[in-house]
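Chemist: Here you go, one structure.
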Amino acid sequence: MRPPSTPPEPLSQVKKLTIALAAVGGLALVAGGAVAVASGTAPMGWMWTTDVGQLPELAAVQAQLSALDACEMEYGSRKSPNRARWTGSKSRVKVVPCGTSYSVGISVPVPPELQASDVTFDMRRGSVKAPWKILVEKKQTSFPALKQSLEQLAPHLLTQYPIERQRDADRDAQWARERQARKDAERALKEDAESSYPE
């Protein structure tokens, strides 16, 4: 005859917390991995692009663009990560200043004579002192077309990016002044309304 089995010991709060944290951590890793794979498989994602920035043929472009106070640039049309629509353009370069978020990118118009419909590239670097990574999908952009486009765009960006950045700063300052003026007017209206009553 078998002795009666003893019920399992209840889990302590510490063990329960440890199990819960391990489960949440596992889910976060799975989600993070899924995001990394999704961004890598998207057009111009890390799984498809090649860094050609160190090719000797692009040394002159690297030297020119090293003077820009920017850490990201995008040119050319590409499908969005969910492949639902096209983003980017041949008629502008999105330039992101160093130390700012991607959403703060400055749009630099490209004149028609410099536009290339068969060129798409991303450029990235960690700081203004670092060389540029020039990322392309080799199956989509030929090297001669990329080199020609970069050689034409580099001097244009050197002159136009500071102008567009100043315009953005002036626009932001104007919006801030207008917003403050509205707040001041609303406050004055409330104060006038409140003090208009006899005591």
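Chemist: When you scan segment 111-127, how many residues do you find that are open to solvent by 10 Å² or more (accessible area, probe 1.4 Å) and either within 11 Å of C71 (Cα to Cα) or touching a Leu at 6+ places or on another chain (Cβ under 8 Å) (or both)?
Modeler: Summing the residues that are open to solvent by 10 Å² or more (accessible area, probe 1.4 Å) and either within 11 Å of C71 (Cα to Cα) or touching a Leu at 6+ places or on another chain (Cβ under 8 Å) (or both) in segment 111-127 gives 5.
Chemist: Based on what the data block shows, is L157 more than 18 Å from the chain's Cα centre (by Cα) and surrounded by 17 or more Cβ atoms within 10 Å (Cβ to Cβ)?
Modeler: yes
Chemist: Going by the conditions given, is D172 open to solvent by 60 Å² or more (accessible area, probe 1.4 Å), among the acidic types (D, E) and under 24 Å from the mean Cα position of the chain (by Cα)?
Modeler: Spelling it out, D172 is indeed open to solvent by 60 Å² or more (accessible area, probe 1.4 Å), among the acidic types (D, E) and under 24 Å from the mean Cα position of the chain (by Cα).
Chemist: On to the next question. State the number of residues belonging to segment 128-153 that are of a type in the set (S, T, N, Q) and open to solvent by 50 Å² or more (accessible area, probe 1.4 Å).
Modeler: Counting residues in segment 128-153 that are of a type in the set (S, T, N, Q) and open to solvent by 50 Å² or more (accessible area, probe 1.4 Å) gives 4.
Chemist: Any residue in segment 66-87 that is polar (S, T, N, Q), in contact with a strand residue (DSSP E or B) (Cβ under 7 Å, 6 or more places away or on another chain) and modelled with pLDDT of 90 or more?
Modeler: Among the residues of segment 66-87, not one is polar (S, T, N, Q), in contact with a strand residue (DSSP E or B) (Cβ under 7 Å, 6 or more places away or on another chain) and modelled with pLDDT of 90 or more, which makes the answer no.
The values are calculated or read from the model by the stated rules, or taken from the named source; none is laboratory data. Fair warning: this is a prediction, and the values are worked out from it, not measured in the lab. Please note: Cβ atoms are built from the backbone with ideal geometry, for glycine as well, and neighbour counts cover all protein chains shown. For accessibility, only protein heavy atoms count, side chains too; no ligands or nucleic acids. Shrake-Rupley method; radii C 1.70, N 1.55, O 1.52, S 1.80 Å.
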